[in-house]
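Inspection log for the structure reproduced underneath, given as structure tokens.
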């Protein structure tokens, strides 16, 4: 990686953090916002450049690609780096996820939660879990219906090696600004209900990407998932 590209990543991160700080101050919810750098299809050098710029949370969608990166980077990165799995989960991939990730943001079925709990090594801390909600009832997206959240939350809370932290959503493509606002507001209400049910450990509402980050934070997101705006276009 050239110095110019590394500097670009550093500058992009600084600009996004500044934007998030301003948005958090504008938001009526008064929350600080955690930045998740979506590093799928980006190189080890790009991730190293982001780490050097102080980025500690990274999101990956594809299990084998992610495990290869995590394994190769393990000797070269500081312990505070946290890996989030944010893609759809197949049952035959849960062991790799349970053994290598710190967070899973895309849990939508009891079977997946059970397997993650059974396969989480005793030597590791509890696996942080977000439930993925299909807030727009989008046939092209994974996730729970809003009315299914409470039941799955109760199950995850019963798993000794999992720690329920909150909710995640990906909005339907091609929606209007008003539709996105309503969806984000609906997610925030679900998040507040989950806090009331499950207590202080519910502290993460992951919603918003490069295109709708501003609206998500104003409506209560405290984690956003940003890829291209940090790293540039994905490698083929």
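A short reminder: the numbers here are calculations on the coordinates, not readings from a lab. Since the structure is predicted, the reported quantities are computational estimates derived from the model, not experimental observations. Using ideal geometry, Cβ is built from the backbone for each residue, glycine included, and neighbour counts are taken over all protein chains shown.
See the values below:
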{"read-out": "Meets criteria (touching a residue at least 12 places away in the same chain (Cβ under 8 Å), over 15 Å from the mean Cα position of the chain (by Cα) and surrounded by 21 or more Cβ atoms within 10 Å (Cβ to Cβ)) for residue 230", "value": "yes"}
{"read-out": "Qualifying positions in the range 72-96 - more than 21 Å from residue 166 (Cα to Cα), in a helix (DSSP H, G or I) and in contact (Cβ under 8 Å) with a residue 12 or more places away in the chain", "value": "72, 73, 91, 93, 95, 96"}
{"read-out": "Verdict on residue 166 being crowded, with 21+ Cβ neighbours inside 10 Å and closer than 30 Å to residue 123 by Cα", "value": "yes"}
{"read-out": "Filter result for the condition that a residue is crowded, with 18+ Cβ neighbours inside 10 Å, touching a helix residue (DSSP H, G or I) at 6+ places or on another chain (Cβ under 7 Å) and at negative phi, over 47, 86", "value": "47"}
{"read-out": "Which numbered condition residue 185 fails, given (1) surrounded by 20 or more Cβ atoms within 10 Å (Cβ to Cβ); (2) assigned to a helix (DSSP H, G or I)", "value": "(1)"}
{"read-out": "Selected residue (only one of 163, 181 is within 18 Å of the chain's Cα centre (by Cα) and farther than 15 Å from residue 20 by Cβ)", "value": "163"}
{"read-out": "Residue list for the range 141-171, restricted to those being touching a helix residue (DSSP H, G or I) at 6+ places or on another chain (Cβ under 9 Å) and either assigned to a helix (DSSP H, G or I) or at positive phi (or both)", "value": "146, 149, 150, 151, 152, 153, 154, 155, 156, 157, 166"}
